[in-house]
Amino acid sequence: MKFTLVTRIALVAGAAVTAAVVATSPAAAITYGYGPWYDGTRGAKAYFEKTGDHLKICDVKTDGEYAWVYVYDETADKFRYSASDTKNDGHCHYASAADGGYYNLPEKHWIWFTVYSGRHQDDGKTFKIYNDA
């Protein structure tokens, strides 16, 4: 009888930990207002959410290339940062204002996101938003 009770407690505790981890993962917590944005070869895609400046970049093509995005502040005429995802493995790279510094994009500025796949810079596509959140 004790073993059954201990087993039940362990299962409930394990389920609670799993639920907490899933609830705090970036993918589960964010509803992206922009994207998917693809590069010209459709090997990379990106998403953005203004509130919190959340960016997600994903390599979506198994071709040995990687996905990357340049973030540029048109209003200030200033490069902010780049981010990349190196493998098409179902995981993406995340960045947000919570990371501090240049990830915290200024409000009331036009921001450009240029999405590329590996060495295919000619196939990059640029998406512009007004960051007012």
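Were the residues from Ala29 through Ala97 laid out at 0.36 nm apart, the gain over their Cα-Cα distance would be 23.0 nm.
Seen from Trp110, the other residues with C-beta closer than 13 Å to its C-beta sum to a net charge of 0, counting Lys and Arg as +1 and Asp and Glu as -1. For segment 33-101, the fraction of 1.4 Å probe accessible surface lying on carbon and sulfur atoms is 46 percent. Approximating the spin labels as points 7 Å out from Cα along Cα→Cβ, the Glu107-to-Thr86 distance works out to 3.7 nm.
Bridgeable lysines around Lys78 (alpha carbons under 27 Å apart, same-chain partners fewer than 8 residues away excluded): Lys45, Lys50, Lys56, Lys108, Lys125, Lys128.
The values are calculated or read from the model by the stated rules, or taken from the named source; none is laboratory data. This is a predicted model, so every value here is computed, not measured. Note that we place each Cβ from the backbone using ideal geometry, even for glycine, and neighbour counts take in every protein chain shown. Surface accessibility is based on the protein's heavy atoms, side chains included, excluding ligands, DNA and RNA. Shrake-Rupley method; radii C 1.70, N 1.55, O 1.52, S 1.80 Å.
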